[in-house]
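Let me begin by presenting the structure, written as structure tokens, before commenting on it.
The values are calculated or read from the model by the stated rules, or taken from the named source; none is laboratory data. Keep in mind that what you see is a predicted model, and the values were worked out from it rather than measured. As a convention, Cβ positions derive from the backbone with ideal geometry for all residues, glycine included, and neighbour counts pool all protein chains shown. We work out accessible area using only protein heavy atoms, side chains counted, and drop any ligands, DNA or RNA first. Shrake-Rupley method; radii C 1.70, N 1.55, O 1.52, S 1.80 Å.
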Amino acid sequence: MRTRTLGRTGPAVSALGLGLMGMSDLYGPADETESVATVHAALDGGVTLLDTGDFYGMGHNEMLLREALRGRDRDKAVISVKFGALRGPDGAWLGYDSRPEAVKTFLAYSLRRLGTDHIDVYRPARLDPAVPIEDQVGALAELVQAGYIRHIGLSEVGAETLRRAAAVHPISDLQIEYSLLSRGIEAEILPVARELGIGVTAYGVLSRGLLSGHWTPSRELTAADFRSHSPRFQGENLDRNLALTDALGKLAAAKGVTTAQLAIAWVAAQGEDIVPLVGARTRVRLAESLGTTDVELTGAELAEIEAAVPAGAAAGGRYAAAQLDHLDSEK
Ligand SMILES: NC(=O)c1ccc[n+]([C@@H]2O[C@H](COP(=O)([O-])OP(=O)(O)OC[C@H]3O[C@@H](n4cnc5c(N)ncnc54)[C@H](OP(=O)(O)O)[C@@H]3O)[C@@H](O)[C@H]2O)c1
């Protein structure tokens, strides 16, 4: 597995990261034994970057990661944790809290659940509009000083917030959605991240399964599944988006790779400062994703992909309106 470095100040990580979210939340039922086996297979395959959030399954995802790391070398893993989302016992989303005292409290609980004395990259999941970013990063900087976290990351924030944050303390990486169907970062956020030496961990590289070649309109979705209310997965939008996936699939077949592999390779090809995170929940999906690390794309192939799935071609927004409202990156 090749490595990439997260920004100018962040850690070296595997060129492909594993996101654990779907093992606890948002993508319907997951099998815990298979989830742990998937994390083990990722570690054995050279994946070091493991991304979670304290609110994924209300602590379940962190406890799953702790279980998966039992008996493994903790120091070989780069654990990235998002915090700040407030959720009720029924899973309801209640807002975001990044007050300095809340940041410290969230961290204390995460360290306990993860069974570790430090987190490698710690980041607010969304910008809390009630707290100046300088204060949020200031609180995180104190935690770096104290040795509880190694690096500060951000998630789904815009260019101005990146500038203000980086003026307080070095930021290792911005975690943000980036795929053939979600190219919003290209105009301003990515250039500013590059100017500031901030890396990108790209999530949703398969557009939550839509770009994988495995999605079918007949897939049953529970009410708690993100995709049951995602605009891109509804009615005519879904048909149009799956037509784009088919076009990508033809290019993939010609190259002898799978649709998912081409979609992931496209993101990886956008820069050495970008690390795709994949949301594999099973060893089979993981194996497919890991097959990407050897896929090289020529300029001609990148142009063909661009022609098949041009920027802006996706039908429907990447989040429903109420969720978009929390994205500083979309303001
Ligand atoms: N910062 C943020 O705001 C934010 C938001 C969302 C996610 N994330 C992080 O990013 C990670 C990845 O995001 P995501 O899960 O939305 O992205 P994704 O990789 O685009 O989508 C994952 C979905 O695609 C399906 N899939 C089909 N083929 C696959 C393959 N070969 N490899 C992997 N998955 C395949 C998955 O498996 P099934 O077939 O099993 O369903 C799952 O339903 C998350 O786990 C989380 O850690 C961050």
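Every residue, every condition in (1) within 12 Å of the ligand (Cβ to nearest atom); (2) charged (D, E, K, R); (3) in contact with a Gly (Cβ under 9 Å, 6 or more places away or on another chain), yes or no:
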| position | (1), (2), (3) |
| --- | --- |
| 227 | yes, yes, yes |
| 240 | no, yes, yes |
| 248 | no, no, yes |
| 279 | yes, no, yes |
| 293 | no, no, yes |
| 298 | no, no, no |
| 315 | no, no, no |
- prompt: If you take the residues in the range 1-28 that are open to solvent by 30 Å² or more (accessible area, probe 1.4 Å), over 27 Å from residue 96 (Cβ atoms) and not charged (D, E, K, R), which one is nearest to the ligand (Cβ to nearest atom)?
  reply: 1
query: Looking at the range 317-331, which of its residues are farther than 23 Å from residue 235 by Cβ and among the hydroxyl-bearing types (Ser, Thr, Tyr)?
result: 329
query: What are the residues in the range 48-67 that are touching a residue at least 40 places away in the same chain (Cβ under 8 Å) and of a type in the set (Gly, Ala, Ser), if any?
result: 53, 59
field: Filtered residues of the range 299-318 (kept if out of contact with any helix residue (DSSP H, G or I) (no Cβ under 8 Å at 6 or more places or on another chain) and not hydrophobic (A, V, I, L, M, F, W, C))
entry: 299, 306, 310, 312
- request: Output the number of the condition that residue 219 fails; it satisfies all remaining conditions of (1) modelled with pLDDT of 95 or more; (2) within 25 Å of residue 37 (Cα to Cα).
  value: (1)
field: Residue selected from the range 69-81 under the condition in contact with a strand residue (DSSP E or B) (Cβ under 8 Å, 6 or more places away or on another chain) and of a type in the set (Gly, Ala, Ser), by the criterion surrounded by the most Cβ atoms within 10 Å (Cβ to Cβ)
entry: 80
query: For the range 174-224, how many residues are more than 13 Å from the ligand (Cβ to nearest atom), assigned to a loop (DSSP other than H, G, I, E, B) and of a type in the set (Lys, Arg)?
result: 1
- line: Only unsatisfied item for residue 187, checking (1) small (Gly, Ala, Ser); (2) buried (at least 18 other Cβ atoms within 10 Å of the Cβ); (3) over 19 Å from the mean Cα position of the chain (by Cα), is (2)
task: May I ask you to verify whether residue 257 is within 12 Å of the ligand (Cβ to nearest atom), of a type outside the set (S, T, N, Q) and open to solvent by less than 20 Å² (accessible area, probe 1.4 Å)?
output: no
- request: Mind listing whichever residues of the range 37-56 are within 15 Å of residue 279 (Cα to Cα), surrounded by 21 or more Cβ atoms within 10 Å (Cβ to Cβ) and out of contact with any helix residue (DSSP H, G or I) (no Cβ under 7 Å at 6 or more places or on another chain)?
  value: 47, 49, 51
query: residue 109 versus (1) more than 30 Å from residue 314 (Cβ to Cβ); (2) among the hydroxyl-bearing types (Ser, Thr, Tyr); (3) open to solvent by less than 40 Å² (accessible area, probe 1.4 Å): which is the lone unmet condition?
result: (3)
